[in-house]
Each structure stands twice: as C-alpha cells, then as structure tokens.
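The values are calculated or read from the model by the stated rules, or taken from the named source; none is laboratory data. Quick caveat: nothing in here was measured; it's all calculated off a predicted structure. Here the Cβ positions follow ideal geometry from the backbone for every residue, glycine too, while neighbour counts run over all protein chains shown.
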C-alpha cells in the first residue's frame, strides 16, 4: 500500500510518501522558522499563507522524490486535528482536493496519534501496551496505549506546553526562535545553580499525571530579569527542572499501570537531556524505551502517512468531504467523531 501523508497542523508544510513494503519513499518539509523568527513564535496568518503557497510545490516534490505519480497512490492520509485551525484547514482542503481528483480514500489522522506511532516506522511489530509521553510546542500529555485506537488519556498540561515554555524562556534570554534546540545546546555549557520549582512533581492525587509549566516559566523569567546568572546557568537550571518533571511522571505512569514500555514523541523528544535522563531511568527500572530518530520528532508527513496506513489497514475507516478540521480534540475521543 502506498500512502500520501499530509501534515499542516502548525507552521511546517510536510508531505511524505510511505510504502508499506519499502518504508518511507520521501519526506518533504517546508519550514517556516525564518518567517516566524522575528515574532518569537508562530504568527497564525503568516503560517496559513505559507501553507497555501507551499502546498502544491511540496506535493510535487514528495511525488518526484518517491519517483511515483498520483496514480500510484492508494490512500491519502491527512492531519485533521488538533492544531492551529487556520493552518489545518489548508492541509485538509488540499487533501480533499487530491482525494477527489484521484478518487482515492481519504483517511483522517490525529496529530498526537501520528507523533506516537512515528516510533514504529520501519519496525516489524508494535508492542502493546505502552505509556506515551507526548512533548512539543503545543502539547504535553501522557497516554496509555492499549492498542491502535485504544487510548486512555492520563493527563496533560494545565497551562503551558513544555515546548512553548522553552520558546518563552529563550525569548526572555534573547536567544531566538525556536527556543528548544538553543537552550539544549546552551545548557551543556552551564551548571544548575539557580533554584527553580518543579511543579506537581510529587502530587499524588488528581494531578499526579498532569503537568504545569507556567510557574516554572515565571520563576525562570524572574531570575533572568535579576541579571545575576549567566545564560548558560539559567538554561541548565531551567532544562533540568523541566526534564525532572517529565521523567518522574512518565516513570510513575509506567509503574502505576504496570507497563514496561515507554514511548516518547513530539518535537521536545529531540532534547538531548530528556533522552539521556529517560534512558537512565528506564534502564534502572527495566522499562523498554522508544524514542524516534530526530527527523521524525518534529512535525512531518511520514508519521501521518504511516498512521493513516495503520488506520486503513486495521479499521478501514475513511471520511467524506464534509468532515472538517478541528482545532481541539483529545486523542481518546478522536474515533468517536468519524
């Protein structure tokens, strides 16, 4: 089965071709980082304009790189939710048009779901159940995955996503956008000498699998404004605090649900400190750890194509042209709406 995967949930237009026998044939990403850099974050209207401008050229390149034509495609998979709605609509509209002119099935994909299953591209079997930690600029969630479309939402951020806080701390430090990779590099040159909070890390009740990063963000920015510490030490102190929370809650979730398999996904899964600490803790606790290669951590069409393939193979579900993109939809409720 040959799948065209389309991703436009935020600021990258990415289209890929996945072959169920040969793997990823192409994975084209049109990045908008330079465009949004001046704003210190994603400017929604500019993002939508760039998606509109880039969609057809990226489709052409993805097909050319895979050395196929639209006639060779069996299904079209597209991210329908969640995300920046003004961006999602462009990708969904383009997907519907391609489905219509080719008469190929249109398969909906949940953005978080796609990030999770990016871990299994190129692997023979998916070992269920597992705990999924999803960390990105827009999401911080823990999900118990019992099988495909069998998801139990354990908790998520009550305020800011961890990737968003990385961006805001980087902006306060004058480091540029996106902040995650910059802080990760800078932290290696600093020491944890700034005392910062680790919100909800020891909460045993209703918030035990929820996250809260707004307090950490505010505390870090206050320390930056004092002008006492170096940027390197601020970066190291902030990153250690954020990673401690993510690691502790992930391991706790595995223990509570007696699951010996942890899957990490999303743009922040590329963070070297998070990878290092999770590897240490999982090895200590006897937990299998899956983290995708760097090029599959950030938004990409390959993860959408692969997840669309899994949905079509396992359920045969498709959608009509009146099915619309959604800005918000929790992963455990996605299958209820189509």
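Tell me which residues, restricted to segment 88-104, are farther than 13 Å from residue 322 by Cα and surrounded by fewer than 22 Cβ atoms within 10 Å (Cβ to Cβ).
Step one: list which residues in segment 88-104 are farther than 13 Å from residue 322 by Cα, which gives 88, 90-91, 94, 98, 101-104.
Of everything in segment 88-104, those that are farther than 13 Å from residue 322 by Cα and surrounded by fewer than 22 Cβ atoms within 10 Å (Cβ to Cβ) turn out to be 98, 101, 102, 103, 104.
Mind checking whether some residue in segment 263-284 is out of contact with any helix residue (DSSP H, G or I) (no Cβ under 7 Å at 6 or more places or on another chain), in a loop (DSSP other than H, G, I, E, B) and farther than 18 Å from residue 144 by Cβ?
There is no residue in segment 263-284 that is out of contact with any helix residue (DSSP H, G or I) (no Cβ under 7 Å at 6 or more places or on another chain), in a loop (DSSP other than H, G, I, E, B) and farther than 18 Å from residue 144 by Cβ.
Based on this model, can you work out whether residue 155 counts as more than 23 Å from residue 35 (Cα to Cα) and without any contact (Cβ under 8 Å) to a residue 24 or more places away in the chain? Reasoning before the result, please.
Values: more than 23 Å from residue 35 (Cα to Cα): yes; without any contact (Cβ under 8 Å) to a residue 24 or more places away in the chain: no.
It is false that residue 155 is more than 23 Å from residue 35 (Cα to Cα) and without any contact (Cβ under 8 Å) to a residue 24 or more places away in the chain.
More than 14 Å from residue 82 (Cα to Cα), outside any helix (DSSP H, G or I) and in contact with a strand residue (DSSP E or B) (Cβ under 6 Å, 6 or more places away or on another chain): does that describe residue 289? Explain how you work it out, then say what you get.
Numbers: more than 14 Å from residue 82 (Cα to Cα): yes; outside any helix (DSSP H, G or I): yes; in contact with a strand residue (DSSP E or B) (Cβ under 6 Å, 6 or more places away or on another chain): yes.
So residue 289 passes the test.
Please determine whether any residue of segment 122-145 is part of a loop (DSSP other than H, G, I, E, B), in contact with a strand residue (DSSP E or B) (Cβ under 9 Å, 6 or more places away or on another chain) and buried (at least 23 other Cβ atoms within 10 Å of the Cβ).
yes
Here is a list: 177, 238. Which entry is over 20 Å from the mean Cα position of the chain (by Cα), over 17 Å from residue 134 (Cα atoms) and touching a residue at least 60 places away in the same chain (Cβ under 8 Å)? If you could, list the steps in order and put the result at the bottom.
On the way: 177 fails: over 20 Å from the mean Cα position of the chain (by Cα).
Result: 238 is the single residue among 177, 238 that is over 20 Å from the mean Cα position of the chain (by Cα), over 17 Å from residue 134 (Cα atoms) and touching a residue at least 60 places away in the same chain (Cβ under 8 Å).
When segment 105-121 is examined, which residues are found to be over 15 Å from residue 303 (Cα atoms) and surrounded by fewer than 20 Cβ atoms within 10 Å (Cβ to Cβ)?
Within segment 105-121, 105 is the sole residue that qualifies.
For segment 306-316, give me the residue count where each residue is surrounded by 14 or more Cβ atoms within 10 Å (Cβ to Cβ) and touching a helix residue (DSSP H, G or I) at 6+ places or on another chain (Cβ under 9 Å).
5
Answer yes if at least one residue in segment 13-25 is within 26 Å of residue 105 (Cβ to Cβ), in contact (Cβ under 8 Å) with a residue 60 or more places away in the chain and either more than 21 Å from the chain's Cα centre (by Cα) or not in a strand (DSSP E or B) (or both), and no otherwise.
yes
Sort through 191, 255 and tell me the only one that's touching a helix residue (DSSP H, G or I) at 6+ places or on another chain (Cβ under 8 Å), part of a loop (DSSP other than H, G, I, E, B), farther than 30 Å from residue 35 by Cβ and in contact (Cβ under 8 Å) with a residue 24 or more places away in the chain.
191 is the lone residue from the list that is touching a helix residue (DSSP H, G or I) at 6+ places or on another chain (Cβ under 8 Å), part of a loop (DSSP other than H, G, I, E, B), farther than 30 Å from residue 35 by Cβ and in contact (Cβ under 8 Å) with a residue 24 or more places away in the chain.
Within segment 178-185, is there a residue that is surrounded by 15 or more Cβ atoms within 10 Å (Cβ to Cβ), in the same structural domain as residue 267 (by TED's automatic domain parsing) and not in a helix (DSSP H, G or I)?
The answer is yes, given that some residue of segment 178-185 is surrounded by 15 or more Cβ atoms within 10 Å (Cβ to Cβ), in the same structural domain as residue 267 (by TED's automatic domain parsing) and not in a helix (DSSP H, G or I).
Do the conditions hold for residue 51, that is, is it within 14 Å of residue 306 (Cα to Cα) and touching a strand residue (DSSP E or B) at 6+ places or on another chain (Cβ under 6 Å)?
Values: within 14 Å of residue 306 (Cα to Cα): no; touching a strand residue (DSSP E or B) at 6+ places or on another chain (Cβ under 6 Å): yes.
No.
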